[in-house]
Amino acid sequence: MSRTCATWLRVVCVALLLISACPRQAAAEATAAEIATRVQAFYEQTTSVRANFVQTHRLRVQKSKRVWTGKVAFAKPGKLSFRYASGDRVVSDGKKVAVYDKKNKRVYRSKTSASLHAVGFAFLMGRGRLNQAFRFRLLSPTGAKHAGDHVLVGTPRKPSPVLTKMVLHV
């Protein structure tokens, strides 16, 4: 798997952790944009998070699946840390991101603004706006994991080579 894909998956993983506690409203009462606005408002009040995570990457072309586990922590503004059970690590100070690849004993550094994942980094660092970066639509409630949940599918407003959609379970 490329580092680009892995990094974006890490960003989405944190976003999904954050929205799990967002207040719920009956599906018939809210539009996708309204729900995304509530997720944004909840996230803006969040100053730090620590959690375990499971990251799954599926590559359809090769019919492969890879799973990583670890711990994630972030503190606004801009601090982000993924510690993988494998020893890999991703850290950011909000301006730069560093990816430590334990297997190859290499560190890759880049500016968050120059990253292919700039939209995800902006949201996680507290600078992005979901409704400005994505067009959202609601899926049928049958796709929700729990009764009363919403399933939002966000399509980037600007095409991205590493992200075609983001699915949020709220």
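The values are calculated or read from the model by the stated rules, or taken from the named source; none is laboratory data. On a predicted model such as this, the values are computed, not experimentally measured, just so you know. Because the Cβ atoms are built from the backbone with ideal geometry, glycine has one as well, and the counts that use them run over all protein chains shown. Keep in mind that these areas ignore ligands, DNA and RNA; they rest on the heavy atoms of the full protein, side chains included. Shrake-Rupley method; radii C 1.70, N 1.55, O 1.52, S 1.80 Å.
More than 18 Å from T164 (Cβ to Cβ), modelled with pLDDT of 75 or more, touching a Gly at 6+ places or on another chain (Cβ under 9 Å) and assigned to a strand (DSSP E or B) - does that describe any residue in region 24-43?
Taking every residue of region 24-43 in turn, none turns out to be more than 18 Å from T164 (Cβ to Cβ), modelled with pLDDT of 75 or more, touching a Gly at 6+ places or on another chain (Cβ under 9 Å) and assigned to a strand (DSSP E or B).
Among the residues of region 65-77, are any hydrophobic (A, V, I, L, M, F, W, C), surrounded by 12 or more Cβ atoms within 10 Å (Cβ to Cβ), over 25 Å from T47 (Cα atoms) and at pLDDT 80 or above?
Let us first name the residues in region 65-77 that are hydrophobic (A, V, I, L, M, F, W, C), namely 67-68, 72-75.
Then keep just the ones that are surrounded by 12 or more Cβ atoms within 10 Å (Cβ to Cβ); that gives 68, 72-75.
Keeping just the survivors that are over 25 Å from T47 (Cα atoms) gives 68.
Checking which are at pLDDT 80 or above leaves us with 68.
The answer is yes; a qualifying residue exists.
In region 115-138, what residues are open to solvent by less than 80 Å² (accessible area, probe 1.4 Å) and out of contact with any helix residue (DSSP H, G or I) (no Cβ under 9 Å at 6 or more places or on another chain)? Break it down stepwise before answering.
Of region 115-138, the ones open to solvent by less than 80 Å² (accessible area, probe 1.4 Å) are 115, 117-126, 128, 130-131, 133-134, 136, 138.
Passing the criteria: A118, M125.
Could you list, ordered by first residue, the pairs with Cβ atoms under 7 Å in which the first is in region 76-102 and under 20 Å from A114 (Cβ atoms) and the second is β-branched (V, I, T) and part of a loop (DSSP other than H, G, I, E, B), at least 6 apart or interchain?
Sorted first by the residue in region 76-102, then by its partner, the pairs are S92/T112; G94/T112; K95/T112; K96/T112; V97/T112.
Is it the case, given these coordinates, that R83 is farther than 26 Å from V151 by Cβ, open to solvent by 20 Å² or more (accessible area, probe 1.4 Å), at pLDDT below 80 and within 17 Å of the chain's Cα centre (by Cα)?
Details: farther than 26 Å from V151 by Cβ: yes; open to solvent by 20 Å² or more (accessible area, probe 1.4 Å): yes; at pLDDT below 80: no; within 17 Å of the chain's Cα centre (by Cα): yes.
For R83, the condition - farther than 26 Å from V151 by Cβ, open to solvent by 20 Å² or more (accessible area, probe 1.4 Å), at pLDDT below 80 and within 17 Å of the chain's Cα centre (by Cα) - is not met.
If you take the residues in region 39-60 that are in contact (Cβ under 8 Å) with a residue 60 or more places away in the chain and surrounded by 14 or more Cβ atoms within 10 Å (Cβ to Cβ), which one is farthest from L138 (Cα to Cα)? Give the steps one after another, and end with the answer.
Step one: list which residues in region 39-60 are in contact (Cβ under 8 Å) with a residue 60 or more places away in the chain, which gives 39-40, 43-44.
Imposing the further condition that a residue be surrounded by 14 or more Cβ atoms within 10 Å (Cβ to Cβ) reduces the set to 39-40, 43.
Working: V39: 14, Q40: 16, Y43: 19 Å.
So the residue we want is Y43.
Tell me, please, whether a residue that is part of a strand (DSSP E or B), modelled with pLDDT of 85 or more and under 17 Å from F42 (Cβ atoms) can be found in region 123-137.
Going residue by residue through region 123-137, those that are part of a strand (DSSP E or B) are 134-137.
Now drop any that are not modelled with pLDDT of 85 or more, which leaves 134-137.
Still in the list and also under 17 Å from F42 (Cβ atoms): 134, 136.
Checked region 123-137: at least one residue is part of a strand (DSSP E or B), modelled with pLDDT of 85 or more and under 17 Å from F42 (Cβ atoms).
Could you check how many residues of region 53-98 are of a type outside the set (G, A, S) and over 16 Å from G120 (Cα atoms)? Working first, answer last.
Start the filter on region 53-98 by keeping residues that are of a type outside the set (G, A, S), which leaves 53-63, 65-69, 71-72, 74, 76-77, 79-80, 82-84, 88-91, 93, 95-97.
Of the ones still in play, those that are also over 16 Å from G120 (Cα atoms) are 53-54, 56-63, 65-69, 71, 83-84, 88-89.
Here the count works out to 20.
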